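Q: Mind looking over this structure? Questions follow.
We did not get these values from a lab; they are worked out from the coordinates using the rules stated. It should be emphasised that the depicted structure is a prediction, and the values quoted were computed from it without experimental measurement. All Cβ positions, glycine included, derive from the backbone under ideal geometry; neighbour counts span all protein chains shown.
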Amino acid sequence: MAGRYDSNPFEEEEEVNPFADHGARGKAAGGSAFSGGAFYTTSSGSVPPATNSRLSPLPPEPAGFYNSNDSVDIPLDNTSDLKKKEKELQAKESELRRREQDLKRREDAAARAGIVLEEKNWPPFFPIIHHDIANEIPIHLQRLQYVAFTTLLGLVACLLWNIVAVTTAWIKEGDVKIWFLSLIYFISGVPGAYVLWYRPLYRAFRNESAMKFGWFFMFYLLHIGFCIFAAVAPPVVFRGKSLTGILPAVDLVGKQVLVGIFYFIGFGFFCLESVISVWVIQQVYMYFRGSGKAAEMKREAARGALRAAI
């Protein structure tokens, strides 16, 4: 039960004005004043000023904080810039589309004319030739083409080892001319083999061209003859020491054992290259005769001779 002097909970609370004179309120209330949650007696007739008011005064605002004359910069040209960039992108896109169409027209025209655009893709780390047997050579000829490519790489290995062996002979014998000759063999032999007989065979298998087969047979026979000559190395040019054949190997093994061993290794390389090359030309010739390309080549040769005569 509420006491007699309890405050009425439904009575409105008296608003406290922090700027009111607490001393006057204390005097009017009968000698006591309340400030900041503490009572002060007013027997002496004076009340100390309040030190802990509930609301702190706001800091003064700087002059000119709100200026009605200030203008807010709102970019109005964003829409025009976006439209301009969109037009530029559309122009670039149309230009790229036009170039693609032009390139496609050229590729189609080249394909109709029988011109094949070859992209260099081998070796992968430094492409210098176009070579894609798996996708361009008929499946029944791929094995033979791979073996022919092996003979090309074998010739590269033979001529490289020839340089190494002849370099040792030059150091031991003191004849620099044989080293220059071995370098010439490599510089002229590797690109010549690719251009003169490997690429014609590749194109003959890809396009079934009879004339390409004839070109291949002519220069591949020269390749086989060179390999056999190098394996023997008769003393024709500088006593045959510019090539690692059997004759200079026998001659050098009694003088310089290391040089003789190097020459014997080169002799083995050239022998292996000769054997594989003979097998390749036999297989290509059997396919050439069996596929009817021989008769076709004869007809093309006859037509060419007739045109030349006319």
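Q: What is the spin-label model distance, in nm, from Val237 to Val156 if the labels are put 7 Å beyond Cα along the C-beta direction?
A: A separation of 2.2 nm, rounded to one decimal place.
Q: Quick one: grab the alpha carbon gyration tensor of the range 116-160, order the square roots of its eigenvalues as a ≥ b ≥ c, and give me rounded if a/c is under 1.5, else prolate or oblate depending on whether a/b is larger than b/c.
A: Details: a/c = 2.77, a/b = 1.14, b/c = 2.42.
Since a/c reaches 1.5 but b/c is at least a/b, the shape of the range 116-160 is classed as oblate.
Q: Among Cys227, Phe180, Phe217, flag the residue with its Cα farthest along the positive direction of the charge dipole of the range 165-290, charges on Cβ as +1 for Lys/Arg and -1 for Asp/Glu.
A: Toward the positive end, the furthest listed residue is Phe217.
Q: Only Cα pairs under 8 Å and at least 6 apart count here; give the relative contact order of the range 97-254 as a rounded whole percent. Intermediate values should be presented prior to the final figure.
A: Numbers: 125 pairs, mean separation 25.0, N = 158.
Relative contact order of the range 97-254: 16 percent.
Q: For Val147, project a label point 7 Å along Cα to C-beta. Then give me every residue of the range 269-287 with its amide nitrogen under 14 Å of that point.
A: 273-287
Q: Let me ask another. With +1 on each Lys and Arg Cβ and -1 on each Asp and Glu Cβ, how big is the dipole of the range 176-298 about its Cα centre, in debye rounded to the nearest 20? Show your work: numbers first, answer last.
A: Working: 11 positive and 4 negative charges, 45 e Å.
Rounded to the nearest 20 debye, it is 220 debye.
Q: Next question, about the same structure. Would you mind counting up the charge near Pro235? Only other residues with Cβ under 13 Å from its Cβ, with Lys and Arg at +1 and Asp and Glu at -1. Working shown, then result.
A: Values: positive: Arg239, Lys241; negative: Asp251.
Taking every Cβ under 13 Å from that of Pro235, the sum is +1.
Q: Express in nm, to one decimal, how much length is gained between Tyr287 and Ile310 on full extension, taking 0.36 nm for each residue of separation and deducting their alpha carbon distance. Walk me through the numbers on the way to the answer.
A: Numbers: separation 23, 0.36 × 23 = 8.28 nm, distance 3.34 nm.
Full-extension gain reported as 4.9 nm.
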